[in-house]
């Protein structure tokens, strides 16, 4: 049996990766959300949970003992060295779990959605990488509506995102999610059809 074609999906916060991921799932792709993997790995009293508390303190622990991700975000987005530490701590664990889950998949197409797909090194393990982009004003509006942030919080979060230019050499396709939903769907369908043909060669 041939192995799955592994597609990496990336883009900055609130760019519409989940929307594109859903469209791919509708076409039969098996999907893995790296953010959910990360959430699973930082459950109360897990090894990663303990290391994060050692580094960032008990202020990131919520009343239910789970990691308060908004509290952690406030720390790392104000401190580049703290963000680097967070990446150093979490990337190896998340990548290892992604590899494990991908290895269990049997679908012809497996899609991994990850903000730090390229930065973590996992992008190099993918057969193709798609980058989803969106205008900053759209990202801000989505964060306010989806995450309950204030506009100021959303603007700060979007401004703190890394530039897209360094990702482009590692990307096979850019999906511009700054128009209508049907327009995004058309891009995804066209790209997926081309990907299917490529995988058969």
Can you tell me which residue within region 56-67, out of those that are within 23 Å of the chain's Cα centre (by Cα) and assigned to a helix (DSSP H, G or I), is surrounded by the fewest Cβ atoms within 10 Å (Cβ to Cβ)? 56
Cβ-Cβ distance below 6 Å, separation of 6 or more or different chains: which pairs start in region 175-187 with a residue that is over 13 Å from residue 133 (Cβ atoms) and end on one that is not in a strand (DSSP E or B)? 185/23
Can you work out which of the residues in region 35-45 that are surrounded by fewer than 16 Cβ atoms within 10 Å (Cβ to Cβ) and part of a loop (DSSP other than H, G, I, E, B) is nearest to the chain's Cα centre (by Cα)? 43
Which one of 75, 32, 13 is surrounded by fewer than 19 Cβ atoms within 10 Å (Cβ to Cβ), touching a helix residue (DSSP H, G or I) at 6+ places or on another chain (Cβ under 8 Å) and not in a loop (DSSP other than H, G, I, E, B)? 75
Within the group 83, 52, 9, which residue is closer than 29 Å to residue 170 by Cα and touching a strand residue (DSSP E or B) at 6+ places or on another chain (Cβ under 9 Å)? 9
Does region 84-96 hold any residues that are more than 16 Å from residue 54 (Cβ to Cβ), without any contact (Cβ under 8 Å) to a residue 40 or more places away in the chain and surrounded by 16 or more Cβ atoms within 10 Å (Cβ to Cβ), and which are they? 91, 95
Find the residue count for region 140-165, including only residues that are within 28 Å of residue 194 (Cα to Cα) and either touching a residue at least 40 places away in the same chain (Cβ under 8 Å) or part of a loop (DSSP other than H, G, I, E, B) (or both). 2
Residue 93 is checked against (1) closer than 30 Å to residue 193 by Cβ; (2) modelled with pLDDT of 95 or more and fails just one. What number does that condition carry? (1)
Scanning for something in a loop (DSSP other than H, G, I, E, B) and surrounded by 13 or more Cβ atoms within 10 Å (Cβ to Cβ), does region 2-10 turn up at least one residue? yes
Against the condition modelled with pLDDT of 95 or more, surrounded by 16 or more Cβ atoms within 10 Å (Cβ to Cβ) and assigned to a strand (DSSP E or B), how does residue 132 come out, does it pass? yes
Checking residue 99 against (1) touching a helix residue (DSSP H, G or I) at 6+ places or on another chain (Cβ under 8 Å); (2) free of Cβ contacts under 8 Å to residues at least 24 places away in the same chain; (3) assigned to a helix (DSSP H, G or I); (4) surrounded by fewer than 14 Cβ atoms within 10 Å (Cβ to Cβ), only one condition comes out false. Which one? (2)
Looking at (1) without any contact (Cβ under 8 Å) to a residue 12 or more places away in the chain; (2) surrounded by fewer than 13 Cβ atoms within 10 Å (Cβ to Cβ), which is the only condition residue 70 fails? (2)
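The values are calculated or read from the model by the stated rules, or taken from the named source; none is laboratory data. Note that the structure is a prediction, hence the values are computed from the model and not measured. Heads up, the Cβs are rebuilt from the backbone with ideal geometry, glycines too, and the neighbour counts pull from every protein chain shown.
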